Amino acid sequence: MRTFHIKLKGMAERSVIVCRKNVLSKQLKEDLSWLKAGGALIFTDSNVFALYRRQIEALTLPVFVMPAGEENKSEQTLFSLLKAMAENGLRRCSTLIAIGGGVVGDIGGLAASLYMRGISCIQIPTTLLAQVDSSVGGKTAIDFCGVKNLIGTFHQPMYVYADPTFFKTLPQREIRCGLGEIVKHAALNAPLFDRLMQNQDRLFDMELLAELVPENIRIKAEIVQKDPNETGLRRCLNIGHTTGHAIELTEKNLSHGECVLLGLYYESRLAQRHLDTDEAYLRELGTLIRTILACKTEDIDVERAAHLALFDKKNTQENRVVLAVPTKRGEFSFLELRYSDYERELKEIMETL
Ligand code: NAD
Ligand code: GLY
């Protein structure tokens, strides 16, 4: 068992992150008496509920199940959940328990931050992506008006319980998606990058993944502690995401993690064109990404994706796109391009791959 305490700069809030096995049957059972005393609701999705129904129902807490999938990261799901929270009599002292991947975690966190102006939330991330990234740091969101994560809040979970036994039921593609965010962290952290390069032939190995979870949580927690509300440093965690999010909205058959990998790949090429970069390192990063990725890219609608990048939250000026791009080992830079240049260059880069 490993425990991390996140004390957030300038804020009273704190998050405790616990990495341990059998969270549903052990950790939550241990917490049950105080959860019941304050009132609690479990929020999960249809896939996770189907797989873990017995353990979830054994907790004898009310459960709200959303249909699985990014397409349901919507205002309809958010308001249905808020309604379930009200109907189950949740109070200020109550807790929302989000059990699932990043979609459940993001919506659950948002609902917890809105209900009665904020109640406690426990995140139980069940995907690799959610354990290494989305459950840590308090970003919550729904997609809105065709834009990823347009509505959201910062609301730190009281606890995050990361349990590698959930990976046993996770399809290989979801492992690949989680590796997308791990590679993102590796682009910011040279020792992690070296570790991934040394283990390229066993990146899907469960033992390695169980070790990578606490390492990634530590990397992310250190950044979040210094800049919880993303006023500066935390923007590095958006590396590759401007293009990644834009592709994700355009290509509904690609997942978040796959799009992050594609975004990192394309943006490293943009970095090579415009900034002082370490070419050999970026080639290695490209090789690592290609080892993990297994999706087709030739059908991506580049024009539409480039247009959607205009809505990225990092942009500050009209018709300009801001990218956080990898440059050298463990280093990144911001690159701001005119929209017309970004669109043209993205097309050129995609045609050459
Ligand atoms: P997801 O929540 O859609 O989960 C992926 C799939 O795996 C779903 O079908 C889900 O039902 C299923 N699943 C979950 N756990 C499972 C398990 N143990 N066994 C079998 N199937 C399981 O997607 P995700 O990849 O976990 O998260 C992506 C989302 O996270 C995106 O919406 C993205 O924007 C968000 N995100 C948020 C942050 C943040 O900081 N808040 C960071 C990164 C990503
Ligand atoms: N996933 C990016 C962040 O948490 O800041």
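With a ≥ b ≥ c taken as the square roots of the eigenvalues of the C-alpha gyration tensor of segment 6-118, please select rounded if a/c is under 1.5 and otherwise prolate if a/b is larger than b/c or oblate if it is not?
rounded
Element breakdown for segment 107-229 at a 1.4 angstrom probe: carbon and sulfur atoms account for 52% of the accessible area. For the chain, compute Rg over Rh where Rg is the Cα radius of gyration and Rh is the Kirkwood radius from the inverse mean 1/r over Cα pairs. With Rh from the inverse mean 1/r over Cα pairs, Rg/Rh is 0.96.
Here segment 79-158 is described by how far its Cα atoms reach on the three principal axes: 32, 28, 18 Å, from widest to narrowest.
Between the Cα long axis of helix 256-274 and the first principal axis of the chain there is an angle of about 30°, rounded to the nearest 10. Listed by chain and number, the aspartates and glutamates whose C-alpha is less than 14 Å from the C-alpha of LYS314, apart from same-chain residues fewer than 8 away, are GLU230, GLU336. Semi-axis lengths, largest first, of the ellipsoid equivalent to segment 187-286 are 21, 19, 17 Å, with √(5λ) applied to each eigenvalue of the Cα gyration tensor.
Using only the alpha carbon atoms of segment 280-348, find the Kirkwood hydrodynamic radius as the inverse mean reciprocal pair distance, in angstroms to one decimal. Provide the component values of the computation, followed by the final result.
Numbers: mean 1/r = 0.0729 Å⁻¹.
One decimal place: 13.7 Å for the Kirkwood radius.
In cubic angstrom, how much convex hull volume per residue do the alpha carbon atoms of segment 121-241 span?
115 Å³
Report the percentage of all Cα-Cα pairs in segment 224-279 whose separation exceeds 18 Å, rounded to a whole percent. When all Cα pairs of segment 224-279 are counted, 46 percent exceed 18 Å. Between GLU336 and GLU211, residue separation times 0.36 nm minus the direct Cα-Cα distance comes to 41.4 nm.
Give me the base-10 log of I(q)/I(0) for segment 155-210 at each q in 0.15, 0.25, 0.28 Å⁻¹, Debye formula, one uniform scatterer per Cα, rounded to two decimals. Log-scaled intensity ratios, in q order: -0.51, -1.10, -1.18. The antiparallel fraction among DSSP beta bridges confined to segment 1-98 stands at about 45%. For segment 217-341, the square roots a ≥ b ≥ c of the C-alpha gyration tensor eigenvalues yield an a/c under 1.5, which makes the shape rounded.
Test of understanding: what is the full-extension gain from GLU351 to ARG320, defined as 0.36 nm times their sequence separation minus their Cα-Cα distance? Could the numbers behind the result be given before it?
Details: separation 31, 0.36 × 31 = 11.16 nm, distance 2.24 nm.
Fully extending the segment from GLU351 to ARG320 adds 8.9 nm.
Pairing the Cα long axis of helix 28-38 with the longest principal axis of the chain, what angle in degrees results, from 0 to 90 and rounded to the nearest 10? That helix lies at roughly 70 degrees to the long axis.
Once you have the Cα-Cα distance between MET1 and LYS168, take 0.36 nm times their residue separation minus that, and quote the gain in nm to one decimal.
Values: separation 167, 0.36 × 167 = 60.12 nm, distance 1.84 nm.
Difference between extended and current length: 58.3 nm.
Quick check on segment 113-177: take the gyration tensor over C-alpha atoms, sort the square-rooted eigenvalues as a ≥ b ≥ c, and tell me if it's rounded (a/c under 1.5), prolate or oblate.
Working: a/c = 2.95, a/b = 1.39, b/c = 2.12.
Since a/c reaches 1.5 but b/c is at least a/b, the shape of segment 113-177 is classed as oblate.
Per residue, how large is the accessible surface of the chain? Use a 1.4 angstrom probe and give square angstrom. Accessible surface, normalised per residue, equals 42 Å². Within the same chain, aspartates and glutamates fewer than 8 places from LYS226 are excluded, and of the rest, those with a Cα less than 14 Å from its Cα are GLU13.
Please list the three semi-axes, largest first and in whole Å, of the ellipsoid equivalent to segment 189-234, using sqrt of 5 times the eigenvalues of its alpha carbon gyration tensor. Walk me through the numbers on the way to the answer.
Details: eigenvalues 134, 26, 9 Å².
Over the Cα atoms of segment 189-234, the ellipsoid semi-axes are 26, 11, 7 Å.
Taking the charge dipole of segment 41-158 about its Cα centre, with +1 at Lys and Arg Cβ atoms and -1 at Asp and Glu Cβ atoms, the residue from VAL48, ALA84, GLN131 reaching farthest to the positive side is ALA84. Its Cα gyration tensor gives segment 79-119 an equivalent ellipsoid, and the semi-axes of that ellipsoid, as √(5λ) in whole Å with the largest first, are 16, 10, 9. Dividing the summed helix terms, -39500 (n - 2.57) for each DSSP H run of n ≥ 4, by the number of residues in the chain produces a 222 nm estimate of -14500 deg cm²/dmol to the nearest 500.
In the chain, the longest principal axis of the Cα atoms and the axis of helix 241-250 are about 80 degrees apart. When the inverse distances between all different Cα atoms of segment 41-97 are averaged and flipped, the Kirkwood radius reads 12.0 angstrom.
Using the Cα atoms as the points, what is the convex hull volume per residue of segment 258-314 in Å³? Present the calculation step by step, with values, prior to reporting the outcome.
Values: hull volume 5.8 nm³, N = 57.
Convex hull volume per residue, Cα atoms: 101 Å³.
With a Förster radius of 41 Å applied to the beta-carbon distance between GLN198 and ALA58, the computed FRET efficiency rounds to 0.50.
The values are calculated or read from the model by the stated rules, or taken from the named source; none is laboratory data. All of these numbers come straight from a predicted model, not from anything done at the bench. When we count neighbours, we look across all protein chains shown, and the Cβ atoms used for this are built from the backbone with ideal geometry, even at glycine. Note: areas computed on protein heavy atoms with side chains; ligands, DNA, RNA excluded. Shrake-Rupley method; radii C 1.70, N 1.55, O 1.52, S 1.80 Å.
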